Structures are given as C-alpha cells and as structure tokens.
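The values are calculated or read from the model by the stated rules, or taken from the named source; none is laboratory data. Note that the coordinates shown come from a computational prediction; the quantities given were computed from them, not determined experimentally. Cβ coordinates were reconstructed from backbone atoms using ideal geometry, including for glycine residues, and neighbour counts include every protein chain displayed.
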Ligand SMILES: [Zn+2]
C-alpha cells in the first residue's frame, strides 16, 4: 500500500461513525443485512387478511400495503404437518417422508404414528442460520416437539403432549418463561367441540400467552431470525366457520358469532402491532400462512365406500354406532385396499410381498391403482352431482417418496369434503364428523406478506409458493438455500 493509499484509508477509517460491535464483527461477510421476523398464522386465508377484514387489522394491512403480498400456494394436500416444514426446508412432503401428522411406520397393519420433530431430516432455515453463526428464536413451528438443538431457542408446537414435557431448547427456557410470562399454551385443548364460546375464549388465551412469550424472548434474547406460528386462526376456522361464512351450508344469518372471527383478528392484529415494536428499520417482516380455509360440506366415508365397492372386508358384523377402522377386524385375505380419514383421504393397497397378508399381486399393482383412481374420480355427491375428486399417485406429485407413502392421495370435492375413516355411518356421506365438530377444510392458498426487505418490490404478486419462503429468508441473510430447494427467493422472482 502506497503512502497516499494509507492516508486515504486512514481518512476512511476516521469517517466511520463507530467501530462495529462484537456481534457485528462476528457476522460473516455474506450477511450484510439485518434481521428477519416471520409471523405465521396457521390457516389464515387470503380472503380474510387481504379483503374482508383488511379495515379491522391496521397493522397487517399497513405491512401489506407497504410491502409485497399475494396468495401463497400450499403443498398438495394443504395440511399443517408437513406444510410448515415444507416451507422451512423448501422440500415437498414426499421428500420429507411426512404425509400428515400421522404416518405409517412400515408396511405392517399396526396403524399410524404421530410425526415428531425428529421425522424432519432436511435442513431448515434455522439449521442453515445456526451454521452461519446467526441466532434464531423459533416458536411453535410444527412439528417442533421435541425441540431440537439450534443456535438460539426453540419451543414445541401444538403437538407437544402437555406442560410437563420438556418443550424448550435449551431446557432452562421453560422455567424462565413460566416465571416471567406464565403458562405457555400449545393448543386449544379439545377444540373439536360444539362449545363455540369455549373455542373463542381459549384461542384468545393461547394468543395472548404466545405473544407475551414472544415479547419476552425478543426483549431478552439475542436474535437474527425470529419466527412464531399462532394456531388461533386454524382452531377458529374449524370451530366457527358456519357462523361467519354465508356460503356455509349450515350458516344462520344474524347469529351471535357472525363477527367473532373479525373480532379475534382485530385482537390478533393488536398483538402483532406490539410485536412489531421489535422490528427496527433493518428488520424484514414476513407474514405467512401454511394454507387457507374453506367451508366444509361434509365427509366421504372412505372405508364405507371401499367396502361397498368390494375392496374392503371384515370378519363378523360391523357393530352399531361409529367404529374406527383400526378397531375392526379386517379380513386381509379379502381386502384389496383400505383408507384413512382426515382433511384428505389416504388409500393403502394390500400388496402381496409388501403387506404381511397382501393379496394384490405386484404385477397388478398399477392396474388396481388405476381402477381405483377411475372410480374415486367418478364419484357423485349426495345429490348425484360429480364430486370432482382427485386421486393422485404420490410419485407423480413429489420428487421422492421417503418413508411409507400412501398408495393414493385422495382429495374429495376440491377439499369441500373431508375423508372419514370410521364405519357404521350407514351411508357413504356424512354431515357429522367422526372426530368431533368441524366446519372448515383447508384451502389451497395461504398468505404471503413481505415488508422492508432491502430493495424489494411492493404491491400484489402472483405465483408465490410456500417453499419460496425458505429461499427468501436465507437470501435476506445473503445465504444459499439448502441443496435441492424447490423454491426461489421472492427477491429474485
Ligand atoms: Zn395449518
């Protein structure tokens, strides 16, 4: 370096207002930008956030109007587990090997096991940020029980069994939160109830405590990345949709709960406003949901249908009343296929050499599947109208099929119908849900709002997909997405 250069450098050094702090010095060169805050609203649909309730939620509306926003295409099928992890890993359900929050462990008939955080093998946003020396606070992003180690803090999701569980990483955070915030509420307990006021009261209580905990952690712990998922909108959509949606078949005009969801969003928006006090000029804020919601017409009794079509047989009589399929004696020697209930239908074939008492010869597997697809897709509803069902082969919609995939993924009536697994309905259609009252199903699109990203465009945007979120967050930190990421940074779209 020549003398002139040295003088110039000295002058430049002096012109710096202050030396970087210890923390800034530790930040890698690639990460020139500030922090990222992600507010996840489970099941929040575009129509409520962007349209119907926009005037009641000033904080969200301001974020949106000054930011980039649009519908966020969910995964197929759009269900909470694995949708949030698809968003955080930029992988599809088949690659994750998580097809719902219950999955077959193997090809035996032993039923389904619950997905835990350990089922997620792909790298999440916070795994990558931890390696880059960034601190994360990750609150209740499903499935996050048991909480896994990271650089920062993680708190269990709605699948956390109860308050006695070790639901924080590091462990000590649990006691610290209890002391400073009080109870951490993972979910509305027993949310499948007719007691509408109870669902409302508990959702408010859960949201209040969740945001209190968020405020505490954001105030007292270091963070570069913060994310919280609030389940309130999901529990309320499922619990009160018929009250709020005039299109719902059971809607009663002028009912006492007509505006209850609007009121809840007003409350939630206030909480979001308080949280945003932690977002400074260098913080990018994202608001996202994992899927939307729509009115549910009823349920297709999937196993009743399979039985009526001769694919499923039982030894002995079906008892009076509703019985879950796994409590009945299936005659495997006469069973080709059985199904499972949920927001979508899972169909399993009883394949020779694969299932213990399989009867479908391997060389007739495709033929049997195709026959079932044709029949499922030509089903009619209770009024004789085509249901517009779709039966999908997992290998045609996912990049990989890890774990034990269903043989068919069935979406009844464009998700206006759910799948019912139990027997004893006396019909293929039901308007009562066997697992308790439920008025909404999930819809294909959630929401995306991004505010204050350096150099971002603003205004409405189409064509956003849930797995773009992973790539966008990492891009905001100047980091590469995980190898094989399916999404693209929204900043580059
Ligand atoms: Zn969800």
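So residue 83 clears everything in (1) modelled with pLDDT of 95 or more; (2) surrounded by fewer than 24 Cβ atoms within 10 Å (Cβ to Cβ) except one condition, right? Which one?
(2)
Hey, does the stretch 296-305 have a residue that's touching a strand residue (DSSP E or B) at 6+ places or on another chain (Cβ under 9 Å), modelled with pLDDT under 95 and part of a loop (DSSP other than H, G, I, E, B)?
The answer is yes; a qualifying residue exists.
Return the residues of the stretch 231-260 that are outside any helix (DSSP H, G or I), within 16 Å of the ligand (Cβ to nearest atom) and over 20 Å from residue 141 (Cα atoms); say none if nothing qualifies.
Across the stretch 231-260, there are no qualifying residues.
I need the full set of residues from the stretch 208-229 which are within 15 Å of the ligand (Cβ to nearest atom) and in contact with a helix residue (DSSP H, G or I) (Cβ under 6 Å, 6 or more places away or on another chain), in order please.
228, the sole residue that qualifies.
For residue 228, work out the one condition from (1) part of a loop (DSSP other than H, G, I, E, B); (2) farther than 22 Å from residue 416 by Cα; (3) at pLDDT 90 or above it doesn't fulfil.
Every condition holds for residue 228 apart from (1).
Pick from the stretch 435-446 the residues that are under 22 Å from residue 191 (Cβ atoms) and away from the ligand (no atom under 12 Å from the Cβ): which of them is modelled with the highest pLDDT?
This residue is 439.
Report whether or not residue 369 is in contact with a strand residue (DSSP E or B) (Cβ under 8 Å, 6 or more places away or on another chain) and assigned to a strand (DSSP E or B).
no
Quick check on my filter: what residues within the stretch 82-98 are touching a helix residue (DSSP H, G or I) at 6+ places or on another chain (Cβ under 9 Å) and within 15 Å of the ligand (Cβ to nearest atom)?
82, 83, 85, 86, 87, 88, 93, 98
Would you call residue 406 surrounded by fewer than 20 Cβ atoms within 10 Å (Cβ to Cβ) and touching a strand residue (DSSP E or B) at 6+ places or on another chain (Cβ under 8 Å)?
no
Exactly one condition in (1) within 21 Å of the chain's Cα centre (by Cα); (2) assigned by TED's automatic domain parsing to the domain that holds residue 272; (3) surrounded by fewer than 21 Cβ atoms within 10 Å (Cβ to Cβ) is not met by residue 416; state its number.
(2)
When only residues in the stretch 468-493 that are assigned to a loop (DSSP other than H, G, I, E, B) and touching a strand residue (DSSP E or B) at 6+ places or on another chain (Cβ under 8 Å) count, which is surrounded by the fewest Cβ atoms within 10 Å (Cβ to Cβ)?
493
When residue 206 is evaluated against the numbered criteria (1) out of contact with any strand residue (DSSP E or B) (no Cβ under 9 Å at 6 or more places or on another chain); (2) without any contact (Cβ under 8 Å) to a residue 60 or more places away in the chain, which criterion, by number, is the only one it fails?
(1)
Limited to the stretch 72-90, what total is found for residues that are over 17 Å from residue 396 (Cβ atoms) and not in a helix (DSSP H, G or I)?
Going through the stretch 72-90 one residue at a time, the tally reaches 6.
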